[in-house]
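Let me begin by presenting the structure, written as structure tokens, before commenting on it.
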Amino acid sequence: MQKIDCIYIINLKKERSRLKQTLMLLADEEIHIPIKIFEATHWKSEFFEKNVFENEMHYSQIWRENGNKIRKGQIACCYSHLKLLQDAVDNNYQTILLLQDDVYCETIGQMKKEIDKFHELIQTHNDFDLYYVGKQKVFPILEEAKFRDTSFLETEYCYNAHCLIFSRECCQKLLNTDIYNHVVPFDEFLPLCFGKSMCANIEYFQKIFPKIITALSSDSFSNVYQCTHASSRYKHLVDKYSFTDISESDFV
């Protein structure tokens with residue numbers, strides 16, 4: 001891991017109000033790192049239907065979540081995130097911060113504090129691949145071990161990819177998997193690759209996606225989370241935004 005040299009904001013073109021909110025958050029944080037806005041692919045788009053779904057990407061026939069198959073929105077989301085990682089590799093960024101457009105922190109300065117903590121960590125320990133600034137633990141009662149002599153955490157099974165730091169090597173490792181032929185939700189793909197997933201049919205997926213990366217988390221990961229328009233301090237400055245509708249998208 002090295003210092004962050006680019007911040008990516010992933011955003012659907014139809015969700016510009018969410019993008020504005022994220023940009024205002026970063027302006028308040030006074031984080032002086034170059035920003036790149038990456039356009040995500042929507043599951044209802046003609047491009048997705050013609051070029052991605054069952055063309056460039058093939059969903060896992062085995063995947064089940066609460067007994068259901070994967071949704072088209074989850075496929076489009078995974079595709080968008082993978083293309084972002086490819087863009088980072090192509091542009092030779094060494095370490096990127098990926099922000100989804102609903103990332104938020106209650107206190108101004110919290111995001112910068114978290115980034116500063118990460119930069120301090122890599123001064124003494126940089127032999128890991130992925131870092132969760134924010135996340136949602138799947139099993140809240142599952143305790144996470146401290147990483148060596150630090151207060152940082154060895155990441156257990158978690159969801160959400162709203163605020164993540166990837167090394168270039170991590171991006172390459174993830175892109176070299178067979179994910180394009182066995183698409184699963186992106187926030188399940190990551191725990192599979194760092195060996196902590198407890199998804200259905202786990203034995204099958206462990207063979208396709210063995211442990212290839214190491215993931216750490218901030219010990220204050222709950223301070224950076226996903227927000228709604230109603231809970232945002234910027235709601236009077238941006239139009240009310242709609243949900244990305246992934247959870248309402250069609251099952252395959």
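Some observations on this one:
- Boolean, Q226 is within 21 Å of the chain's Cα centre (by Cα), farther than 15 Å from G134 by Cβ and of a type in the set (S, T, N, Q): no
- Complete set of residues in region 62-97 that are touching a helix residue (DSSP H, G or I) at 6+ places or on another chain (Cβ under 8 Å), closer than 16 Å to P34 by Cβ and assigned to a helix (DSSP H, G or I): A88
- Taking helices (runs of 4 or more DSSP H) as the structural unit, those lying wholly within region 145-252 and holding at least 3 residues that are touching a helix residue (DSSP H, G or I) at 6+ places or on another chain (Cβ under 8 Å), at pLDDT 95 or above and of a type in the set (A, V, I, L, M, F, W, C) correspond to 168-175, 186-193.
- Boolean, Y104 is more than 29 Å from K240 (Cβ to Cβ), in contact (Cβ under 8 Å) with a residue 24 or more places away in the chain and in contact with a Leu (Cβ under 8 Å, 6 or more places away or on another chain): no
Each row is one residue, and each column tells you yes or no for (1) of a type outside the set (A, V, I, L, M); (2) within 25 Å of H229 (Cα to Cα).
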position: N68; (1), (2): yes, no
position: K72; (1), (2): yes, yes
position: C78; (1), (2): yes, yes
position: L82; (1), (2): no, no
position: L85; (1), (2): no, no
position: D90; (1), (2): yes, no
position: Y104; (1), (2): yes, yes
position: G109; (1), (2): yes, yes
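- Restricting attention to region 144-175, the residues that are surrounded by 19 or more Cβ atoms within 10 Å (Cβ to Cβ) and over 16 Å from the mean Cα position of the chain (by Cα) add up to 2.
- Matching residues, region 15-61, being of a type in the set (V, I, T), assigned to a loop (DSSP other than H, G, I, E, B) and closer than 16 Å to F186 by Cα: T41
- Comparison of Y8, Y93, Y59 shows that the only residue that is touching a strand residue (DSSP E or B) at 6+ places or on another chain (Cβ under 7 Å), closer than 25 Å to F205 by Cα, modelled with pLDDT of 95 or more and not hydrophobic (A, V, I, L, M, F, W, C) is Y59.
- Failed item in (1) under 26 Å from I165 (Cα atoms); (2) of a type outside the set (S, T, N, Q); (3) touching a residue at least 24 places away in the same chain (Cβ under 8 Å), with R16 passing the rest: (3)
- Beta carbons closer than 7 Å, at least 6 apart along the sequence or on distinct chains, pair a first residue in region 179-198 that is over 15 Å from R71 (Cβ atoms) and without any contact (Cβ under 8 Å) to a residue 60 or more places away in the chain with a second that is assigned to a helix (DSSP H, G or I) and aliphatic (A, V, I, L, M) for C193/L174.
The values are calculated or read from the model by the stated rules, or taken from the named source; none is laboratory data. All of these numbers come straight from a predicted model, not from anything done at the bench. All Cβ positions, glycine included, derive from the backbone under ideal geometry; neighbour counts span all protein chains shown.
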